[in-house]
1. Restricting the range 1-12 to residues that are at pLDDT 95 or above and not aliphatic (A, V, I, L, M), which is nearest to the chain's Cα centre (by Cα)?
2. From the list L48, L10, L19, L27, pick out the single residue that is in a strand (DSSP E or B) and crowded, with 23+ Cβ neighbours inside 10 Å.
3. From the list L173, L198, L182, L164, which one is assigned to a helix (DSSP H, G or I) and of a type outside the set (K, R)?
4. In this structure, is A179 open to solvent by 20 Å² or more (accessible area, probe 1.4 Å) and either within 16 Å of ligand 1 (Cβ to nearest atom) or modelled with pLDDT under 85 (or both)?
5. Between L163, L206, which is in contact (Cβ under 8 Å) with a residue 60 or more places away in the chain, within 16 Å of the chain's Cα centre (by Cα) and closer than 30 Å to T20 by Cβ?
6. Kindly indicate the residue of the range 90-107 that is at pLDDT below 90 and either hydrophobic (A, V, I, L, M, F, W, C) or within 16 Å of ligand 1 (Cβ to nearest atom) (or both) and also surrounded by the most Cβ atoms within 10 Å (Cβ to Cβ) among those meeting that condition.
7. From the list V29, V65, V38, V25, which residue is within 16 Å of ligand 2 (Cβ to nearest atom), within 15 Å of the chain's Cα centre (by Cα) and not acidic (D, E)?
8. How do the pairs read when you match residues in the range 87-104 that are within 17 Å of G145 (Cβ to Cβ) with residues anywhere that are in a loop (DSSP other than H, G, I, E, B) and within 16 Å of ligand 2 (Cβ to nearest atom), using Cβ under 8 Å and keeping only pairs 6 or more apart or on different chains?
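The values are calculated or read from the model by the stated rules, or taken from the named source; none is laboratory data. What you are looking at is a predicted structure, and each value in this text was computed from that prediction instead of being measured. Every residue, glycine among them, receives a Cβ derived from its backbone with ideal geometry; neighbour counts consider all protein chains shown. Remember, those area values only see protein heavy atoms, side chains included, never the ligands or the DNA or RNA. Shrake-Rupley method; radii C 1.70, N 1.55, O 1.52, S 1.80 Å.
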Amino acid sequence: MTLTLVDVTLTYPDGDGRLTALDRVSLDVPGGSLTAVVGPSGSGKSSLLAVAATLVTPDSGTAVVAGTQTAGLGPADKAALRREHIGIVFQQPNLLPSLTAVEQLQVMTHLSGGPVRSARARALGLLDAVGLADKADRRPHQLSGGQRQRVNIARALMNEPSLLLVDEPTSALDHERGAAVLDLLVALTRERSTATVLVTHDRTHLERMDRVAVMRDGCLT
Ligand code: ADP
Ligand code: MG
């Protein structure tokens, strides 16, 4: 499934005026491909992901996600679109403190009304894919920062999203783990024809992307 951003402008209140976080940004990410978004801090990378995730409504322009025009959708429709089609990996994992790693993933199936009976097996398979097969019963405080980030990534994949949005996935990982997580994201993108957008500072993995887009002062080049 494809993600298309058309002429998106997003501003935030800033003192007496407005700060332009995204300045007429257009982007097309076909299913089965990965686009990296790079650029300095404050250039608008996370804002771009927030618009694509339908978490923020732009001032003008629109995002088309999995064939759905998001401009004009109400909050409930946007939430349903996110549950069914969008996997989001924020920089901060936001795991639930009382749940084990495998339970963090199973919750996603409950929320989406998916098949609960097969959820545990699927969750364990994804934890295995991110190298955490032996940590499935650990709670967040019993995991390292990098391990929590891998749970976060596995959780985003639980509902087989058609659009995967990932903010700085390798920043909390060492090089080897970062490469392994990238391998997983590339394989899943190809296998499931996911449209994947990856915000990254880590230039070592850029040759594995289909496209690299550079953000500067809210403009995409
Ligand atoms: P990046 O992810 O590239 O670091 P962001 O998208 O987070 O950039 O931020 C782009 C610009 O918008 C920055 O100047 C930032 O300070 C500003 N910004 C981001 N979020 C908000 C917000 N919720 N309210 C006001 N300004 C914001
Ligand atoms: Mg950011």
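1. This residue is T4.
2. Every option except L10 fails the conditions.
3. L182
4. yes
5. After applying the criteria, what remains is L163.
6. Result: F90.
7. V38
8. Listed by first residue and then by second, the contacts come to V89/P169; Q91/E168; Q91/S171.
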